[in-house]
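S.K.: Quick one: the structure is below, and I'll ask about it shortly.
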Amino acid sequence: MHVAVVGGGVSGAVAAYRLRAALGDGATITLFEAGDTLGGKLRTAEVAGVRYDVGAEAFLARRPEGAALAADLGLGLVHPTGARSTVRAGGRLTPLPGGTLMGIPGSPDAVADVLSPGARARVAAEADLPPVTLDDDVALGALLRERFGDELVDRLVDPLLGGVYAGGADGLGLRATVPALAAALDRGATSLTAAAAGLIPAEPSTAPVFGTLPGGLGTLVDTLVEQAKPDVRLGQPVTALRRRETGWQLEAGTEAVDVDAVLLAVPAPAARRLLGDVVPAASAALGEVELASMAVVAMALPPGTELPDASGVLIGARERRSDGEPFAAKAFTFSSRKWAHLDTGPVLVRGSVGRFGEPGALHRDDEDLVRLVRADLADLTGITAEPIDVVVTRWGGGLPQYGPGHLDLVDRAERAVAEVPGLALAGAALHGVGVPACIATATAAAARITSHLVP
């Protein structure tokens, strides 16, 4: 048996690992990656001699897939310190409030510290508005602005969503981004406040929300590939996919490769191109997924540099520096505060840049981008220390946008692919952009391929 896994990010690596476990050492698994490294958005770089994540830096530990996979691989997890997150709201830094669901409050008091008096009154009045009715999916931003006003969205919801999707609420769909809230409304909650209140625990859980690997999340992909033992083809983008009488043929560079099954774990535009001739309905659906670009500026500051007593800060798109200029960064992570294993030697800070539809500073070259991010950091924290090392990592089209109707278009794509034997889809464009969601889609795709090959 010969299976091609196209895409060497975490989804492709998990798929190869699951296929090896199911098919045994006798199967040939070829892993094609267009770039020169594996890992996709999981990338760990050396910054001032320290292994430091310059892509995804953690995953949701309350979803089981990430922790379970790490345990299977013999990798130990670490969790954040108790340092709290902050948000720049209305020109000042304030602790990120609890009692919300992705910034949507379960009570007016939960968000009182980040809003003006007028906006607080608007939030308090939401529960008395006519009941919310959902016939279908809606744009999250439009719904929230109608019910709560602009300020809650601009100061709190958008910064939180920007950290996940690099996109704001106005371009994201309710059902794909906050499915629990949509389900509560479907069950009869009459207001967004009531729906959120029913989903927020009365007592905060003591279980860690996030986890990571002390050697960086790149270790996860390295270990998966080491155990899966695929034939890795770096720098070989797959440019065409054709069905054959008993399998598939892929074009990779100048080579034609015949295989029994194909698992696509690539971004939506690449999947769209490859599926155009073989599954046009899936290709058309995936063609509707838009992507956002971003960059991570990783800085090592001199040892002893004093960071704020916080794990980081989120920054709304409408916030301005003291000189009136917009911030280039959408967030900073004070990694040496957030992670105890990074609280030695150089002081590590990440600045994230890039919002969907607003490339802004991403047009600048690396040197200018670093200058802008450092100016933002100085304005927010007073830190002006010259970094001893800087690594800029750009993620062009790195994050899929889950717009209104996203679940429907994914359903269309998956139903079309399900009718084609020996083909499966995985990746962040489907059912979640986080590491656990990618693990889940890869596991399901590998099971589909296995059931085709071993009935």
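S.K.: Within the stretch 96-183, list the GluC sites (Glu not before Pro) lying in a DSSP loop whose Cβ has at most 14 other Cβ atoms in a 10 Å radius.
M.R.: The qualifying sites: there are none.
S.K.: Sticking with this one: Pull up all non-local amide H partners of LEU77: gap of 5 or more, or a different chain, and H-to-H distance under 5 Å with H placed in the peptide plane.
M.R.: Correct list: empty.
S.K.: Given a Förster distance of 35 Å, report the FRET efficiency between HIS341 and ARG320 from their Cβ-Cβ distance, rounded to the nearest 0.05.
M.R.: 0.50
S.K.: How much of the pair distance distribution for the chain lies past 40 Å, counting alpha-carbon pairs only, in percent?
M.R.: It works out to 21 percent of all Cα pairs.
S.K.: Might you report the magnitude of the Cβ-based charge dipole of the chain about its Cα centre, with Lys and Arg at +1 and Asp and Glu at -1, to the nearest 20 debye?
M.R.: 340
S.K.: Please give the Cα centre distance for the stretch 298-324 versus the stretch 341-400, rounded to the nearest Å.
M.R.: 10
S.K.: Shifting gears a bit: Which residues among the stretch 30-57 fall inside the zone where the amide N is under 14 Å from a point 7 Å beyond the Cα of ILE388, along Cα→Cβ?
M.R.: Counting backbone N atoms under 14 Å from the label point, the list is 47-51.
S.K.: Compute the angle between helix 366-381 and the longest alpha-carbon principal axis of the chain, please, reported from 0 to 90 degrees and rounded to the nearest 10.
M.R.: 40
S.K.: Amide H neighbours of GLY247 under 5 Å, counting only residues 5+ apart in sequence or on other chains, H built in-plane at 1.01 Å?
M.R.: none
S.K.: Please give the helix 218-228 orientation as an angle from the longest Cα principal axis of the chain, in degrees from 0 to 90, rounded to the nearest 10.
M.R.: It is inclined by approximately 20 degrees.
S.K.: Shifting gears a bit: Determine the shape class of the stretch 43-190: with a ≥ b ≥ c the square roots of the Cα gyration tensor eigenvalues, call it rounded for a/c under 1.5, and otherwise prolate if a/b is greater than b/c, oblate otherwise.
M.R.: Cα axes put the stretch 43-190 in the prolate bin.
S.K.: Which order results if SER85, SER336 are arranged by neighbouring Cβ count within 10 Å, fewest first?
M.R.: Least crowded to most crowded, the residues run SER85, SER336.
S.K.: Just to confirm my numbers, what's the Cα centroid distance between the stretch 1-55 and the stretch 404-426 in Å?
M.R.: Distance between centres, Cα-based: 22 Å.
S.K.: Another question, then. Return the whole-Å distance between the Cα centroid of the stretch 77-103 and the Cα centroid of the stretch 134-182.
M.R.: That distance is 18 Å.
S.K.: Hand me the GluC sites (Glu not before Pro) from the stretch 323-430 located in a DSSP loop with no more than 11 other Cβ atoms within 10 Å, in residue order please.
M.R.: Here the sparse-neighbourhood loop sites are GLU419.
S.K.: A follow-up question, please. Can you give the FRET efficiency to the nearest 0.05 for ALA68 and THR190, using r as the Cβ-Cβ distance and R₀ = 41 Å?
M.R.: 0.60
S.K.: Take the eigenvalues of the Cα gyration tensor for the stretch 172-232, scale each by 5, and report the square roots as semi-axes in whole Å, largest first.
M.R.: Whole-Å semi-axes of the equivalent ellipsoid: 39, 18, 8.
S.K.: What is the extension gain from ALA180 to ALA207, computed as 0.36 nm multiplied by their sequence separation minus the C-alpha to C-alpha distance, in nm to one decimal?
M.R.: Net length gain for the segment: 7.7 nm.
S.K.: Another question about this same structure. For helix 406-418, report the angle its Cα long axis makes with the longest principal axis of the Cα atoms of the chain; keep it between 0 and 90° and round to the nearest 10°.
M.R.: Helix 406-418 and the main axis of the chain meet at about 10 degrees.
S.K.: Once you have the Cα-Cα distance between ASP113 and GLU419, take 0.36 nm times their residue separation minus that, and quote the gain in nm to one decimal.
M.R.: That pair, ASP113 and GLU419, stretches by 104.9 nm at full extension.
S.K.: Could you rank the peptides 342-350, 180-188, 100-108 by their average count of other C-beta atoms within 10 Å per residue, with the highest value first?
M.R.: Highest mean packing first, the order is 100-108, 342-350, 180-188.
None of the figures in this text is laboratory data; all of them are computed from the coordinates on show. From a predicted model like this one, the values you see are computed outputs, not experimental measurements. Note that we place each Cβ from the backbone using ideal geometry, even for glycine, and neighbour counts take in every protein chain shown.
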